[in-house]
Amino acid sequence: WVGLRQQRKLARAFGLLLELGAGVAFFLAYPRLPPGPLLADALFVGAIILAVTGLWTHRLLSRREADTAAERVLAPFVFLWALGWLIVAGGHEIETFISYGYRQPAWIAFLAAIALAFGLAAMRWDWREARWPALALAPVLLALAAWSLVDRAHPFANGGWIAWPFALAVDFFLLARVGLDGKARWTAVLHVLSVALLALIGALELEWLAAEHTGVETGWALAARLVAPALVLLAISSGAAERRWPVRDLPGVYRLGAAATLVAAMALWSLHVNLSHAGGSDPLPYLPVVNALDLAHLLGVIAVVAAVHAARRSALAIPSFFTPQVAAAAAGVVGFIWANAMLLRTIHHWAGVAYRPDALWHSVLVQASLSVFWSFLALTLMVLATRRGWRGLWMIGAALMAVVIVKLVLIDLGQLSGIERIVSFIGVGVLMLVIGYFSPVPPRKTEAAT
């Protein structure tokens, strides 16, 4: 302070070195510090003193426009130095005085409180560096939420029902009030991360609630993971959201960026459960379509359709690489896997075939059912393509039919015998006759125009 008032560079340099030396000495003395009560032990008091002096030094350098280039370079590092000691002070109290099960909620509330304090300071004094911890809250909270996947603890446990709502409220408050001037891309990333955080917390909590009542790996617990992101997607796609912040002010960020993130997460969830889980609906009997996993899929489809309509309603500029053909192909792959998994789960629950790759592969019932089912899908696609004049879709159906024929020759002839082989070949043959009669290949666009 004296060095700045008197414009003495040597005094300013000595003051900075003195702060650094104090921090190093305090760190080296840490093992010998005496214990004390909460918020009054030596480490907490010392770290707070270092944090406060560091913040005050940074403010002096910022307000008086540091004279030398070195001071301008050092100013942000002084702020990070002070912020680090502040986190050390609070973290020590959490790790020392709070039992293990309550530490994560305590960390969440503590970090949110720090972010809120710096956010208010940034708004009050136009403090540029104070925006950093305020806007870093979303990625930090997302990392802590992801840790719940490893720790297997639900977010609202042990006081989390207070910490997480508080942290989420602080996060969105800071996004609304503290911005990144001239950095729209990073602002968009923070909003998308916040939406992903909200969906993840909801998914983890709903999964735990379902598992508590039905079992850890039941279809209900697995389906609960999709409910939260689907509901968040429906919320940001609704008409009411268009009239309120943040969708009103950032429609592209929410209805393209955040929506695409949620859709991708739901697609990955669909692939995961369909490829690895039988999806029991205990204590209810298993019924195709009317079961936990398939109902969750239907909710996801409704949410995706709503998101597509919302994007069109907002007249948003969709990225050039995301063409309608790409969207249709992605939806087709996910839908095809879902339809096959629905068939395999039905066979598993009704015919007792184990839901394992080796058991399904060697099951004659599964092989015959897949041949007939794929033929039916090919028939549906090709008839629809003929009626609409979609040559590309017709080719996809024809390719699927070719796969069925190859499967009949290479797999079904070797594995099936008796009634299964007869049903498989007759069923596929009848469907091929129907395709040939009702579904001729649509003409090319040039041929149709001629």
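The values are calculated or read from the model by the stated rules, or taken from the named source; none is laboratory data. This structure is a prediction, so every number in the text was calculated from the model and none was measured. Glycine also receives a Cβ, built like all others from the backbone with ideal geometry; neighbour counts cover every protein chain displayed.
Quick look at the numbers
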{"item": "Among (1) out of contact with any His (no Cβ under 6 Å at 6 or more places or on another chain); (2) within 22 Å of Thr214 (Cα to Cα) - the single one Ala265 does not satisfy", "result": "(2)"}
{"item": "Residue pairs meeting the criteria (Cβ under 7 Å; at least 6 apart or on separate chains; first under 20 Å from Gly219 (Cα atoms), in segment 324-350; second acidic (Asp, Glu))", "result": "Met342/Asp294"}
{"item": "Residue count, segment 125-159 (criterion: basic (Lys, Arg) and either farther than 30 Å from Leu80 by Cα or in a helix (DSSP H, G or I) (or both))", "result": "2"}
{"item": "Some residue of segment 5-13 being at pLDDT 75 or above and more than 30 Å from Glu95 (Cα to Cα)", "result": "no"}
{"item": "Close pairs (8 angstrom Cβ cut-off, 6 or more residues apart or separate chains): closer than 13 Å to Trp85 by Cα in segment 30-54, of a type in the set (Asp, Glu) anywhere", "result": "Phe44/Glu93; Leu50/Glu19; Thr53/Glu19; Gly54/Glu19"}
{"item": "Any hit, segment 198-205, residues being at pLDDT 90 or above, closer than 30 Å to Ala315 by Cα, in contact with a Ser or Thr (Cβ under 6 Å, 6 or more places away or on another chain) and not polar (S, T, N, Q)", "result": "no"}
{"item": "The lone exception for Ala398 - which of (1) loosely packed, with under 12 Cβ neighbours inside 10 Å; (2) modelled with pLDDT of 70 or more; (3) not assigned by TED's automatic domain parsing to the domain that holds Gly332 it fails", "result": "(1)"}
{"item": "Some residue of segment 301-317 being over 21 Å from Ser369 (Cα atoms), in contact with a His (Cβ under 7 Å, 6 or more places away or on another chain) and of a type in the set (S, T, N, Q)", "result": "no"}
{"item": "Lone qualifier among Gly202, Gly159, Gly119 - being at positive phi and crowded, with 16+ Cβ neighbours inside 10 Å", "result": "Gly159"}
{"item": "Some residue of segment 330-344 being modelled with pLDDT of 85 or more, surrounded by 17 or more Cβ atoms within 10 Å (Cβ to Cβ), closer than 15 Å to Gly300 by Cβ and among the aromatic types (Phe, Trp, Tyr)", "result": "yes"}
{"item": "Search result, residues across segment 211-236 that are in a helix (DSSP H, G or I) and over 24 Å from Ala167 (Cα atoms)", "result": "Ala211, Glu212, His213, Thr214, Gly219, Trp220, Ala221, Leu222, Ala223"}
{"item": "Val301 more than 14 Å from Thr346 (Cβ to Cβ), of a type in the set (Val, Ile, Thr) and either in contact with a strand residue (DSSP E or B) (Cβ under 6 Å, 6 or more places away or on another chain) or assigned by TED's automatic domain parsing to the domain that holds Leu231 (or both)", "result": "yes"}
{"item": "Any chance Ala109 is under 21 Å from the mean Cα position of the chain (by Cα) and in a helix (DSSP H, G or I)", "result": "no"}
{"item": "Matching residues in segment 353-365 - criterion: being surrounded by fewer than 20 Cβ atoms within 10 Å (Cβ to Cβ) and either closer than 19 Å to Gly335 by Cα or over 35 Å from the mean Cα position of the chain (by Cα) (or both)", "result": "His362, Val364, Leu365"}
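The rows are residues; the columns are (1) closer than 24 Å to Thr323 by Cα; (2) hydrophobic (A, V, I, L, M, F, W, C).
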| residue | (1), (2) |
| --- | --- |
| Thr214 | no, no |
| Ala230 | yes, yes |
| Trp245 | no, yes |
| Val253 | yes, yes |
| Val263 | yes, yes |
